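Report on one structure; see the data block that follows.
The values are calculated or read from the model by the stated rules, or taken from the named source; none is laboratory data. What you see is a predicted model; the values in this text were computed from it and never measured. Counting neighbours? That spans all protein chains shown, and the Cβs are built from the backbone with ideal geometry, glycine included.
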Amino acid sequence: MNCTINRKRALYLIPVFLLGSFAISCNEQVAEEETTVDYQKELQEQLINAKEGDIIEIPEGTFEFTRSISLDGIANVTIKGAGMDKTILSFKNQIEGAEGLKITANNVTIADLTIQDTKGDALKVQDSEGVTLRNIGVTWTNGPDSANGAYGIYPVSCKKVLIEGCRASCASDAGIYVGQSIDVIIRNNVAFNNVAGIEIENCINAEAYENEAYDNSGGIFLFDLPELPLKNGHLISLHHNIIRNNNFPNFSPLGNTVALVPAGTGILIMSTRQVDVFENEIVDHITTSMAIVSYLITQKPFEDSLYNPYSSGIYIHNNNFAQAAAMPDTTRPLGRLIADIFGGETPEIVFDGMINPQLVNEDGTLMDEARLCIKDNGTIRFANINAATGFQNIQTDIENYNCEHPSFDRVEL
């Protein structure tokens, strides 16, 4: 900023008693801008020069960044602020970089800070093993907007990931997202005003518990998508989560997979196997508390010969369901379909009925690993909408699904 003025002209324009305060204000702004530039440079230099075992502490305050900052290749580094609400990294004026903070390093810990208003994803961790993300806030201060970054907290292609005590809001895809990763724990987090509160995609051995997802378009999504290096996600458990009132209008840009999901969806399981959903509170959703579907329902073509588009081995038990009495979100195809079939009386659990033909016995019965099992959830409504038959012969007898799958071990990192 150029703060010089013509002093002779200023005498005619500015009362004399204000000149001193103007100079102080101007100098303070220059100092603030210089401090911002200096700290951005200082922090990036600390990250570039980091050595194994370093702890990089970011002090209390709000710091402006105009470019992405990154840590690349240095193991056993901790980046720590003074507290989630005390250390704020603001990227509101970002002019360069696809994310705010990007990490590509093993055994890294990020803790006690908030990242705001990034141009793209807020915190991305990629190709890393041993990732701890603790007490981190991510948000876009303009509120929910399709122009916001897609992901708040975003580990991808990682191993041994722990996300705990974090708070994510206003992401145009998912507030907390873990993709193509192995051995994942997501616990004690809060996600609100995102399209998806929490999304687990193409992961193996993941556990999400004691999280709260509310006022998103959808609460928790388990996806498995084609054409990705790690596919056919399985061994996922969701338990002891509060998933409530996720009826916020879907603001994802068109073309994204989550853009297809109707608002008012509590849990969506798509093309994932060996999923255990238990002891969750899933309440007040206008479209459906839970949907279990195949990727085929999206009607998107794929060429990945190794990809399995079917969900199977899903076990839903001992949950508390309370469906909202309202019309589903008809702005999305699945919501329109549910509204056409059920009106405002949507079942708590909707199943598209798509079964992997390789898991069907010669006599037409299902192999045990294919079965959808629903047990001990109180008095709830269920519907198999039989998508393969053009939604004919819809089945609503939940007793046909009264079975069990064996439990699997908790995730250990």
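With a requirement of 2 or more residues that are touching a strand residue (DSSP E or B) at 6+ places or on another chain (Cβ under 9 Å), buried (at least 18 other Cβ atoms within 10 Å of the Cβ) and of a type in the set (A, V, I, L, M), the strands (runs of 3 or more DSSP E) lying completely within the range 266-353 that satisfy it span 273-278, 281-283, 288-293, 312-317, 349-351. Residues in the range 251-265 that are within 15 Å of Glu199 (Cα to Cα), out of contact with any Asp or Glu (no Cβ under 7 Å at 6 or more places or on another chain) and either of a type outside the set (Ser, Thr, Tyr) or crowded, with 20+ Cβ neighbours inside 10 Å (or both): Ala259, Leu260, Val261, Thr265.
For the residues Asp173, Asp121, Asp127, Asp117, the requirement of being touching a helix residue (DSSP H, G or I) at 6+ places or on another chain (Cβ under 7 Å), over 25 Å from Phe408 (Cα atoms) and either charged (D, E, K, R) or crowded, with 18+ Cβ neighbours inside 10 Å (or both) singles out Asp173.
Asp363 passes every criterion in (1) closer than 21 Å to Ala259 by Cα; (2) of a type outside the set (Lys, Arg); (3) outside any helix (DSSP H, G or I); (4) at pLDDT below 95 apart from (1).
Number of residues in the range 90-147 that are part of a strand (DSSP E or B) and on the phi < 0 side of the Ramachandran plot: the value is 32. Of the residues making up the range 166-194, those that are touching a residue at least 40 places away in the same chain (Cβ under 8 Å), at positive phi and in a loop (DSSP other than H, G, I, E, B) number 2. Pairing residues of the range 212-228 that are on the phi > 0 side of the Ramachandran plot and in contact (Cβ under 8 Å) with a residue 12 or more places away in the chain with residues that are hydroxyl-bearing (Ser, Thr, Tyr) and assigned to a strand (DSSP E or B), at Cβ distances under 9 Å and at least 6 apart in sequence or on separate chains, gives Asp215/Ser169.
For the range 204-242, taking the residues that are over 12 Å from Val190 (Cα atoms) and among the polar types (S, T, N, Q), the one that is surrounded by the fewest Cβ atoms within 10 Å (Cβ to Cβ) is identified as Asn232.
Inspection of the range 156-166 finds no residue satisfying the criterion of being among the polar types (S, T, N, Q), at pLDDT 95 or above, surrounded by fewer than 24 Cβ atoms within 10 Å (Cβ to Cβ) and within 14 Å of the chain's Cα centre (by Cα).
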